[in-house]
Structure formats: structure tokens, C-alpha cells
Amino acid sequence: MINSCENKRKAPRFDCYVPVDGKEGAVFSNTKTVDISRDGIGFLSNHSVPLNERIAIELALKPDTEPVLVIGQVKWVRKVADSNQYRIGLTFSDIIDGSKDFLDESLSKRFPSRDKA
């Protein structure tokens with residue numbers, strides 16, 4: 001059975017398993033990314049996050065380039081079976097610094113494709 005949270009992205013997803021650099025004890029401490037697209041990012045976290053929470057995210061996509069600063073909005077949260085973790089899906093609601101074209105170009109060169117939209 002396919003979970004209703006999956007396969008709703010309009011852009012291709014790219015696997016992206018990296019730790020999140022967040023303040024110790026904050027919601028995103030001990031968090032790792034799972035996947036990313038030009039429209040959003042998925043996380044695994046030890047904490048649940050309220051739906052519609054808006055979070056500033058700095059994406060370092062290429063070495064020696066300025067990071068892309070985006071505002072992400074939590075769209076869904078689900079408990080991972082048989083674990084103490086939560087799978088969290090955010091969409092990028094605003095790009096503050098950078099562009100979606102730069103995001104697209106960086107992602108397609110850096111990460112292997114996970115699936116097609």
C-alpha cells in the first residue's frame with residue numbers, strides 16, 4: 001500500500017542523506033535529510049514538528065558558493081514504525097537568497113535521481 005504522503009512532489013526527488021546542522025536541543029538537532037527537490041526537502045527527526053511551521057533553511061549545495069536561503073513549511077509529519085523517529089516533509093514556500101534554477105542545476109549535478117515526478 002502506498003502512503004498518501006509519498007509521490008506528491010511535482011519535481012524529481014534526489015536522495016540526500018546528510019546531517020542537519022541545528023542548535024543542540026532544538027527541534028532539528030539530531031536530524032538528517034532524506035531527500036530533496038527544487039520544491040522541498042524530507043527529514044528524519046527525533047522530534048515531531050507542528051504542521052504549517054515555517055522554518056528558515058540554509059542549503060549549502062556546492063563548495064565555494066553562497067548557500068541558498070529558503071523558508072520551508074511543514075506539510076506532513078508521520079511516525080516511523082518501530083522507531084522513535086518522525087518523517088517530516090517540508091515545501092519551500094519562499095526562496096530568500098538564490099533561485100529555483102540554481103537549486104535545480106545544483107541538485108541534478110550533485111545527487112543521483114531517486115524517482116521521477
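Would you tally the residues in segment 67-98 being under 11 Å from the mean Cα position of the chain (by Cα) and aromatic (Phe, Trp, Tyr)?
Of the residues in segment 67-98, 1 are under 11 Å from the mean Cα position of the chain (by Cα) and aromatic (Phe, Trp, Tyr).
So which of ASP101, ASP21 ends up being modelled with pLDDT under 90, among the charged types (D, E, K, R) and under 15 Å from the mean Cα position of the chain (by Cα)?
ASP21 is the lone residue from the list that is modelled with pLDDT under 90, among the charged types (D, E, K, R) and under 15 Å from the mean Cα position of the chain (by Cα).
Can we say ASP64 is acidic (Asp, Glu), surrounded by fewer than 17 Cβ atoms within 10 Å (Cβ to Cβ), under 16 Å from the mean Cα position of the chain (by Cα) and modelled with pLDDT under 85?
no
Test of understanding: among ILE41, ILE55, ILE88, ILE2, which residue is at pLDDT below 90 and surrounded by 14 or more Cβ atoms within 10 Å (Cβ to Cβ)?
So the residue among ILE41, ILE55, ILE88, ILE2 that is at pLDDT below 90 and surrounded by 14 or more Cβ atoms within 10 Å (Cβ to Cβ) is ILE55.
Cβ contacts < 8 Å: first residue within 16 Å of GLN85 (Cα to Cα) and of a type in the set (Gly, Ala, Ser), restricted to segment 19-37; second residue modelled with pLDDT under 70 and exposed (fewer than 11 other Cβ atoms within 10 Å of the Cβ), any location; separation 6+ or different chain. Result?
Pairs found: SER29/LYS23.
The values are calculated or read from the model by the stated rules, or taken from the named source; none is laboratory data. Predicted model, so just to flag it, every value in this text is computed and none were measured. Positions of Cβ are backbone-derived with ideal geometry, glycine not excepted, and every protein chain shown enters the neighbour counts.
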